[in-house]
Structure formats: C-alpha cells, structure tokens
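Everything on this sheet refers to the single structure shown next.
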C-alpha cells in the first residue's frame, strides 16, 4: 500500500525515458482539452486559472499555453540537470515535466463546477454590497474557495512530482538539488508566462 | 551471509583464518576483505546482475522493472561506495 502511494508522488522510479515522455504528452494534451471544455487554462509551470467571462481561448491556444509551459520548464530543468550530471537525458526531463501534469486533470475537472459567468456575477454582487456599506455575503464565494483550494493542492502535488522527477533524472542529492530546482522553476515560470502573454 | 562489520562496535571486520575443507589446512593471518565483499547484499546482487546483463542498464531496468535513470543512480551510488572503500584502504596503507 505504501509503495502505491509513493508512485503517486514519484512515478519516475518506474516510468521514464521516451515511454514516459509519450505517456506524459498524452496526459498534457488531455489536460488542455478538458481544461478547454471546463474553461480552465494552464499557462506557466504549475498555474491553473479559471478566467472570467472574456473571449474564450480556442483549443489551439489552450494547447499552446500548456505546451509553452511544458517546453520552457523542461528546458530550464534540463540545463539545471546538466550542472549535476552530463548524463542527464532530455527525454527523462521531458517525461518528468509532462507526467507532473497528472494532478491538473483534477484541476481541469474542478473547472466544470465553477461557471465564469457566475464568478463575475458573484464578484459584482459583493462589490455592490461593499459599495452600499453592507457586510458582503462571503458564503456566495464558497464554491470558488473550495475550487481554489483543490486547485492549489493539485499544484503542490505537481511541484512535488516535478522535484522527485528532477532528482531521479539527474541523480542529484542534498541541499544543492533544492536550490537548483527552485531557481529553474522560478526562471521557467517567468519566461513561460512572458512568452504566453506575447503570443496569445 | 558474510558479515563485514563488528556486531559489537560496528568496526570493519578483517579475515583472520581460512580453512581448507578437503585437507583441513588452516591459514591464519590478517587479511582485508575484498571491496566487493564490503558492499551490502543488495549491492552485490546488483553488480552480479550488471555483469550477467553485459553492462546493459537498459536490460537491467527491464528486468528489475525500474526506470533507466533509477538503475543508473543505483549504479552511481555503488561506484561512490567502492571509491570510498578504496580511499579508506589507501589511507590505511
């Protein structure tokens, strides 16, 4: 039973290489597709957003956003990995990043429970209550808060998977691993969001 | 299994006597255990498996049902242990 739980956070001891990368690519596309249907987007490294009622992205843009995040994250983690070991394989890093998208399937499904139109209407109601000097009825935001907590937990799960995958793919240990990983992730987040903003 | 560490104080054991089962000849002295014998049973089994697979980590990963980087990391850890034993031996000499 313990081994099964460990697989959820570190499948990379069993799955890696091109096989893992292919499986991860399928999962990434599935996350983008489910997200497109549920109005959830996944730009950046571990971001998951449910935008309000704006002109909704096409499926192509949803795929592009998640693809940019995956490629940029993989690139930075690969460069960081090379500093530990020249034997770091790009296919292992790519498998790490794409398989770490598994928790986002749940985030994408959460999007079905949150209607962007409802979100905008709730925020308008709260704003008008505050403007009128009334105490805002925060119970209206309960679905949003619960959804946000679930999405946050899934993002944390994804980061744990990324870290474990980075350790296995590079064979790195110790404090230096954490610092290199954090630096790569922060850089990837900034670069991927800038690129996504410029292109989409 | 051949013990390598003292059960009382944890120090490394050395070989004091070897005996011939056929003619009862006994050889006593003070001999260091070979490096391979100093490794854990799991590490020794891994090395045997490595040799049997002609050094192919890819075949080993399929056999052990582990990913290639995991098998490579195990090998790297064993290499580090062997190098550590080697440096201890050099310091002793």
For helices (runs of 4 or more DSSP H) lying entirely in the stretch A:86-200, having 3 or more residues that are in contact (Cβ under 8 Å) with a residue 24 or more places away in the chain and over 21 Å from residue A:36 (Cβ atoms) picks out A:90-99, A:142-170, A:175-199
Somewhere in the stretch A:41-57, is a residue more than 14 Å from the chain's Cα centre (by Cα), more than 12 Å from every other protein chain (Cβ to nearest Cβ) and modelled with pLDDT of 90 or more? no
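Can you find a residue that is surrounded by 16 or more Cβ atoms within 10 Å (Cβ to Cβ), out of contact with any strand residue (DSSP E or B) (no Cβ under 9 Å at 6 or more places or on another chain), under 25 Å from residue A:165 (Cβ atoms) and more than 13 Å from chain A (Cβ to nearest Cβ) anywhere in the stretch B:72-81?
At the first step, the residues of the stretch B:72-81 found to be surrounded by 16 or more Cβ atoms within 10 Å (Cβ to Cβ) are B:72-75, B:78.
Checking which are out of contact with any strand residue (DSSP E or B) (no Cβ under 9 Å at 6 or more places or on another chain) leaves us with B:72-75, B:78.
This time we only want the ones that are under 25 Å from residue A:165 (Cβ atoms), so: B:72-75, B:78.
Right, trim to more than 13 Å from chain A (Cβ to nearest Cβ) and you get none.
Looking through the stretch B:72-81, none of the residues is surrounded by 16 or more Cβ atoms within 10 Å (Cβ to Cβ), out of contact with any strand residue (DSSP E or B) (no Cβ under 9 Å at 6 or more places or on another chain), under 25 Å from residue A:165 (Cβ atoms) and more than 13 Å from chain A (Cβ to nearest Cβ).
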request  = Answer with yes or no whether residue A:65 is assigned to a helix (DSSP H, G or I), away from chain B (no Cβ under 14 Å), in contact with a strand residue (DSSP E or B) (Cβ under 6 Å, 6 or more places away or on another chain) and buried (at least 21 other Cβ atoms within 10 Å of the Cβ).
outcome  = yes
Of (1) under 16 Å from the mean Cα position of the chain (by Cα); (2) in contact (Cβ under 8 Å) with a residue 60 or more places away in the chain; (3) in a helix (DSSP H, G or I), residue A:37 satisfies every one except (1)
Please indicate, with yes or no, whether at least one residue in the stretch A:165-177 is buried (at least 19 other Cβ atoms within 10 Å of the Cβ) and more than 14 Å from chain B (Cβ to nearest Cβ).
no
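The values are calculated or read from the model by the stated rules, or taken from the named source; none is laboratory data. These numbers were taken from a predicted model, which means no experiment stands behind them. No Cβ is skipped: glycine too gets one built from the backbone with ideal geometry, and neighbour counts run over all protein chains shown.
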